[in-house]
Amino acid sequence: MKIAVFDTQRYDRQALEEANRGHGHELAFFEPRLVRETASLATGFDAVCSFVNDQLDAATLELLRRGGVRLVALRSAGFSHVDLAAAARLGVPVVRVPSYSPHAVAEHAAALVLALNRKIYRAHARVREGNFSLDGLVGFDLVGKTVGLVGTGQIGAAAARIFRGFGCAVLAFDARPDEALASDVGLRYVSLDDLYRDADIVSLHVPLSQGTRHIIDAAALAKMKRGVMLINTGRGPLIDSKALIDALKTGQVGAAGLDVYEGEEGIFFHDLSNQVLKDDVLARLLTFPNVLITAHQAFLTREALAAIAETTLASVTAFERGEPLKNEVRAPA
Ligand code: NAI
């Protein structure tokens, strides 16, 4: 099949070309994001392969269909950027990569906790300047602290195991509690309010949906322990960024580790170092000494890239052969 691959970086190309040796599809790589304005690039292709910051709204999907596209293959687990109802109306199946390496994301969440707590990024900058002072670098022991996980699917479960390994108590909230996980790992399901009240660290692992958009708003932040550490490797809009800034200014939030940001489209994954940053909220977040931002890189391990590429191309191969699409996502009935 001819596949137009959007929003690609060097590492995507390498992983997809490597995996494609076993599939033999025709891959064309495009740097731009897949949005209405770029959809025509896919004219004449059988499938598009898209990433998290593309916008597959109804108009984009209609343009793709008109250009001959018969399959949308997402290189991501999340699919909140796709109008699934419109895709179904157009008869275009949407496949995703439901699981590639939950460990990659959970380990990145832990990396953010450790780096923020022990101020590794500040220490690194300091010693390179010849400043060997320790003033302002005091952290806390993780052992005995309480971590609150919002979402205990694949990534939340992996995070629970990591934090239990550090000797933390783990509280969790999930719409569908996993009691087997709870007894296996030794975590306790509680209400969101109790989690906010008791957790020293809150880490977000729920998907983005109408129910979770701004789940962390001013009211939620006010319920948390003063000085809480907030980690988001889920999706940017889980947090109301302006409310977070207010809470950082008052000290209600003591540290924030953000791998995702609600205005990240068009910013993350791009080198904008020669440009003026136009997003004032992100610019403000970047000024806090206790905020650590990474540009949606939690998934970025060799193992995850290889798994994403293989699952994506296997779905395209299954589609080509008329086989069932086990990774298809459908709009809720
Ligand atoms: P999953 O589907 O295995 O787990 C999600 C969990 O959230 C489930 O247990 C579900 O019951 C729970 N949940 C869903 N809606 C809820 C609600 N309204 N309230 C409470 N619980 C709710 O998903 P997985 O693989 O653990 O991934 C989680 C999210 O992480 C993805 O949806 C994606 O947005 C994000 N992600 C971020 C990456 C990054 O690079 N930063 C990479 C991969 C995923």
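The values are calculated or read from the model by the stated rules, or taken from the named source; none is laboratory data. Because the structure is a prediction, the values reported are computed rather than measured. Neighbour counts are summed over all protein chains in view; Cβ atoms, including those assigned to glycine, are modelled from backbone coordinates with ideal geometry. Heavy atoms of the whole protein, side chains included, go into the accessibility calculation; ligands, DNA and RNA do not. Shrake-Rupley method; radii C 1.70, N 1.55, O 1.52, S 1.80 Å.
Which order do V260, V281 take when ranked by solvent-accessible area (1.4 Å probe, heavy atoms of all protein chains), largest first?
I get V281, V260, largest accessible area first.
I need the semi-axes of the equivalent ellipsoid of the chain: take the C-alpha gyration tensor, multiply each eigenvalue by 5, square-root it, list largest first in whole angstrom.
36, 23, 19
Apply the Karplus parameterisation 6.51 cos²θ - 1.76 cosθ + 1.60, with θ equal to phi minus 60°, to every residue of segment 128-141 and state each ³J(HN,Hα) to the nearest whole Hz, in sequence, with x for glycine and proline.
Values per residue, Gly and Pro as x: 5, 8, x, 9, 9, 6, 9, 4, x, 9, 5, x, 9, 5 Hz.
From the C-alpha gyration tensor of segment 77-154, pull out the three semi-axes of the equivalent ellipsoid (sqrt of 5λ each), sorted largest to smallest, in whole Å.
42, 17, 10
Could you state how much accessible area S209 has, in square angstrom rounded to the nearest 10, with a 1.4 Å probe and all protein chains kept in place?
Only protein atoms counted, so the area is about 50 Å².
Which residue, N131, N290, N20, has the most motion in a Gaussian network model of the chain that connects Cα atoms within less than 10 Å?
Largest GNM mean-square fluctuation: N131.
How far, in degrees from 0 to 90, does helix 241-250 lean away from the longest principal axis of the Cα atoms of the chain, to the nearest 10?
10 degrees
With springs only between Cα atoms under 10 Å apart, run a GNM on the chain and tell me which of V95, V69, V138 wobbles the most.
Its mean-square fluctuation being the largest, the pick is V138.
What trypsin sites (Lys or Arg not before Pro) does segment 252-326 have in DSSP loop regions with at most 13 other beta carbons within 10 Å?
The qualifying sites are K278, R321, K326.
Q55: net charge of surrounding residues, Cβ under 11 Å, Lys/Arg +1, Asp/Glu -1, itself excluded?
Summing Lys/Arg as +1 and Asp/Glu as -1 gives -4.
Can you give me the solvent accessible area of M224 with a 1.4 Å probe, rounded to the nearest 10 Å²?
Only protein atoms counted, so the area is about 10 Å².
Using Cα centres only, tell me the gap between segment 197-234 and segment 131-157 in whole Å.
15 Å
Build a GNM of the chain with springs between Cα atoms under 10 Å: which of A19, A88, A125 gets the top mean-square fluctuation?
A125
DSSP loop (so not H, G, I, E, B), at most 13 other Cβ within 10 Å: list which trypsin sites (Lys or Arg not before Pro) in segment 195-274 pass both filters.
R226
Between Y189 and residues 5 or more places away or on another chain, which pairs have amide H atoms under 5 Å apart, with H built 1.01 Å from N, and which residues are they?
A172
Size of segment 197-333 along its principal axes in angstrom, Cα-based, largest extent first?
58, 41, 27
Return, for the Cα atoms of segment 117-192, the radius of gyration and Dmax in Å, separated by a comma.
Here Rg and the maximum Cα pair distance are 16.7, 51 Å.
Tell me the net charge near A295. Cut-off is 11 Å between Cβ atoms, A295 excluded, with +1 for each Lys or Arg and -1 for each Asp or Glu.
Here the charged neighbours net out to -3.
Over the chain, calculate the relative contact order: mean separation of alpha carbon pairs under 8 Å at least 6 apart, over the residue count, as a percent.
This gives 18 percent for the chain.
What accessible surface, in Å², does a 1.4 Å probe find on E323, ignoring ligands, DNA and RNA and rounding to the nearest 10?
Result for E323: roughly 90 Å² accessible.
If amide hydrogens are placed 1.01 Å from N in the peptide plane, which non-local residues have theirs closer than 5 Å to the one on G257?
L230, I231, N232, L292
When all C-alpha to C-alpha distances in segment 266-329 are sorted into bins of 10 Å, what percent of pairs does each bin hold, rounded to whole numbers?
16, 30, 22, 21, 11, 1
Please report the net charge: other residues with Cβ closer than 11 Å to the Cβ of L137, K and R +1, D and E -1.
+3
Of all the accessible heavy-atom surface of segment 37-154, with the other protein chains kept in place and a 1.4 Å probe, what percent is carbon and sulfur?
Whole-percent figure for carbon plus sulfur exposure: 54.
Using a 1.4 angstrom probe, figure out how much accessible area segment 102-293 has per residue, in square angstrom, rounded to the nearest whole.
Heavy-atom accessible area per residue stands at 48 Å².
Could you give each residue of segment 145-152 its phi-based ³J(HN,Hα) in whole Hz, using Karplus coefficients 6.51, -1.76, 1.60 with θ = phi - 60°, and x for Gly or Pro?
Here the 3J(HN,Hα) series is 7, 10, 9, x, 9, 9, x, 10 Hz.
Please report, in whole Å, how far the alpha carbons of segment 92-239 spread along each principal axis, starting with the longest.
Dimensions of segment 92-239 along the principal axes of its Cα atoms: 56, 38, 33 Å.
In whole angstrom, how far apart do the alpha carbon centroids of segment 49-100 and segment 1-16 sit?
16 Å
Taking all protein chains together and a probe of 1.4 Å, list I3, I155 from the most accessible to the least accessible.
Most to least solvent-accessible, the answer reads I155, I3.
Given charges of +1 on the Cβ of Lys and Arg and -1 on the Cβ of Asp and Glu, with all other atoms neutral, how large is the dipole of the chain about its Cα centre, in debye to the nearest 20?
In total the dipole reaches around 320 debye.
Based solely on its DSSP helices, what 222 nm [θ] is calculated for the chain when runs of n ≥ 4 H residues each add -39,500 (n - 2.57) and the sum is averaged over all residues, nearest 500 deg cm²/dmol?
My calculation for the chain gives -10000 deg cm²/dmol from helical runs alone.
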